[in-house]
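Okay, structure first, notes after.
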Amino acid sequence: MFYYLWLPQYKICTCTESVSAALKQGQVTPTELCKKCLSLIKKTKYLNAYITVSEEVALKQAEESEKRYKQGQSLGDLDGIPVAVKDNFSTSGIETTCASNMLKGYIPPYNATVVQKLLDQGALLMGKTNLDEFAMGSGSTDGVFGPVKNPWSYSRQYRERRRHDELGDSHWLITGGSSGGSAAAVASFTCFAALGSDTGGSTRNPAAHCGLVGFKPSYGLVSRHGLIPLVNSMDVPGIFTRCVDDTAIVLGILAGHDPKDSTTVQDPIKPPMIPGVMDVSRLCIGIPKEYLVPELSSEIQSLWSRAADLFESEGAKVIEVSLPHTCYSIICYHVLCASEVASNMARFDGLQYGHRSGMDVSTEAMYAATRQEGFNDVVRGRILSGNFFLLKENYENYFVKAQKVRRLIVRDFKNAFASGVDVLLTPTTLREAVPYLEFIKEDNRTRSAQDDIFTQAVNMAGLPAVSVPVALSNQGLPIGLQLIGRAFCDQQLLTVAKWLEKQVQFPIIQLQDLMDDGSLVLENGNLTSASLT
């Protein structure tokens, strides 16, 4: 495992455990760390990862953290650690836009519960990250503030494999979405962890494309209060980090009952403890046969097979399982998603908060003009679709049928786990990140249907899932595999994820232009190759 931190001696730390130790030992101060991350945010502005940079807030938080360290009163592993938050989480006193004209200028009077929990532990809020408008998309290309660029577009690993004529700025890669800003922020070292949201794969998809750990917790484990809703029955806060241990640390802080969110679990939650060594010989790994689709790239298919062999070689039982209603899941998901979107977006009417049109002919005209000006084509399209599905004459044929299919999908997962399977192993995405110009050849709805194929069923079932980076493709781009666990067995899932992470030794991104001295110094010399390739 690599660690990345800018200390005077240029020792490198990428994970918070080592950074936290360095803070406690006085090797670096929270203010120095904060300023370095702010400097990197400015250097990587071309990535468009941030919508709002909260420089003054972060520096003030760093100052307070520094006082605590001097007094020996650190609040925990995240005290003084820079983090970022997707711009669909409410942040008190900081603009929250959902990357939409509808909410430009909206400043919430309160923090989302997950944001408050991070701040209570001393985390430094570097800023709010970019996304698809109202989190509707799979590329982070459809927000009003412009698309997010994948840091791997500028990595040595990728650029060395490209022809000279393919290295121009027009050939940059997408991050995936909709939480692409958070993924780019972590991948470019401007923070150590970031919050995303995950409704159908919006954390796992960009994590796979950006070489990160992307975790979707069990529905109800983490509060949704303050997360501006897309699909209430599927939305969950997601976590981006550069290693599984960091994910466990952040989850331990975020998990638990919230009186402001009735869907959170009532029982006390213990912070996940991830052992350093795991005996996988007691595990049964399930391989869903329906996930072997023609569109899956041969390279990812090969890595998926090799990962299964890796588990088997260490004594785990690997079996093929069936999730028979998978072929209906993406259609079911889009009907339910559009229906809930139509309901949730009704609140943006120009009367209460957010954008309000100057049209004053009538209330109805103002209402229509507000939504025309405030929402982009993607959002308006989903609202129209959802309202169609919810019409009295269509309700039974669309919404009710989709709910029934959703129950069948949930049953598929239950049957798989009841057969003795502990964890399911699947691809996260069909292929590695693609260039922006190629991505936009197809419309948002078509792209989302393709990119969510392996991820959205998990949201409908409320299960925990994590994307783990396992290798670089032949083009030098990250490939992630997804692990799916039983409901509320998040600790077991992360334990298996850590084992896989340790086996593959995914290489660190080489972004030379971000380093002060123009070179990347590594703790253990040269970068290692992923062992699955």
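The values are calculated or read from the model by the stated rules, or taken from the named source; none is laboratory data. Model, not experiment: these values are computed from the prediction. Neighbour counts are summed over all protein chains in view; Cβ atoms, including those assigned to glycine, are modelled from backbone coordinates with ideal geometry. Note: accessible area is taken over every heavy atom of the protein model, side chains too, but ligands, DNA and RNA are not part of it. Shrake-Rupley method; radii C 1.70, N 1.55, O 1.52, S 1.80 Å.
Determine the dipole magnitude for the stretch 260-391: charges of +1 sit on the beta-carbon of Lys and Arg, -1 on that of Asp and Glu, nothing else is charged, the reference point is the Cα centre, and the result goes in debye to the nearest 20. Before the final figure, lay out each step's value.
Numbers: 11 positive and 16 negative charges, 56 e Å.
For the stretch 260-391, the charge dipole is close to 260 debye.
What does the charge add up to near residue 288, with Lys and Arg as +1, Asp and Glu as -1, over the other residues with Cβ less than 12 Å from its Cβ? List each step's numbers first, then the result.
Values: positive: 289; negative: 290, 320, 412.
Combined, the nearby Lys, Arg, Asp and Glu give -2.
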Distant-in-sequence amide H partners of residue 218 (H built 1.01 Å from N, under 5 Å): 488
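What trypsin sites (Lys or Arg not before Pro) in the stretch 414-458 are in a loop by DSSP, with at most 12 other Cβ atoms within 10 Å of the Cβ?
Answer by residue number: 441.
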What number, rounded to the nearest 500 deg cm²/dmol, is the helix-based mean residue ellipticity at 222 nm of the chain, given -39500 (n - 2.57) per DSSP H run of at least four residues and division by all its residues? -11000 deg cm²/dmol
Candidate lysines for bridging to residue 216, where Cα separation is under 16 Å - those fewer than 8 sequence places away on the same chain excluded: 86, 498
Full extension from residue 502 to residue 63: what is 0.36 nm times the residue separation minus their Cα-Cα distance, to one decimal in nm? 154.5 nm
Taking the structure as given and computing semi-axes √(5λ) of the Cα gyration tensor in Å, which label from (i) 32, 29, 23; (ii) 75, 31, 23; (iii) 59, 40, 19 fits? (i)
Share of carbon and sulfur in the accessible heavy-atom surface of the chain [1.4 Å probe, %]: 51 percent
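Could you compute the net charge surrounding residue 474? Neighbours are other residues with a C-beta less than 11 Å from the C-beta of residue 474; K and R count +1, D and E count -1.
Taking every Cβ under 11 Å from that of residue 474, the sum is -1.
Given R₀ = 35 Å, what would the calculated FRET efficiency be for residue 17 paired with residue 418, taking r from the Cβ atoms and rounding to 0.05?
On the way: r = 36 Å, r/R0 = 1.04.
The value I calculate is 0.45.
With a cut-off of at most 13 other beta carbons within 10 Å, and DSSP calling the residue loop, which GluC sites (Glu not before Pro) in the stretch 411-464 qualify? Please list them.
On the way: sites: 432, 438, 442; in loops: 432, 442.
Of the GluC sites (Glu not before Pro), the ones in loops of the stretch 411-464 whose Cβ has at most 13 other Cβ atoms within 10 Å are 442.
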Explain nothing, just the number: relative contact order of the chain, from Cα pairs under 8 Å at least 6 residues apart, as a whole percent. 17 percent
Based on DSSP, what percent of beta bridges with both residues in the chain are antiparallel, to the nearest 5? 70 percent
If you roll a 1.4 Å probe over the heavy atoms of the protein chains, what accessible area per residue do you get for the chain, in Å²? 38 Å²
Can you list residues whose amide H is under 5 Å from residue 423's amide H, if they're 5+ apart or on another chain and H is modeled 1.01 Å from N? 284, 286
What are the GluC sites (Glu not before Pro) within the stretch 125-218 that DSSP puts in a loop, where the Cβ has at most 16 other Cβ atoms within 10 Å? 160
Going by Cα centres, the stretch 205-241 and the stretch 280-347 are how many Å apart? 17 Å
Step through the residues of the stretch 223-235 one at a time and calculate ³J(HN,Hα) from phi using the Karplus curve (6.51 cos²θ - 1.76 cosθ + 1.60, θ = phi - 60°), rounding each to whole Hz and writing x for Gly and Pro. 5, 9, 4, x, 8, 4, x, 10, 10, 4, 7, 10, 4
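How much net charge surrounds residue 211 when only the other residues with a Cβ under 11 Å from the Cβ of residue 211 are counted, with Lys and Arg +1 and Asp and Glu -1?
On the way: positive: 242; negative: 432.
Summing Lys/Arg as +1 and Asp/Glu as -1 gives 0.
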Taking residue 270 as the anchor, which lysines have their alpha carbon closer than 16 Å to its alpha carbon, excluding any fewer than eight residues away along the same chain? 117
With +1 assigned to the C-beta of every Lys and Arg and -1 to the C-beta of every Asp and Glu, and no other charges, what is the dipole magnitude of the stretch 406-515 about the Cα centre in debye, to the nearest 20? 480 debye
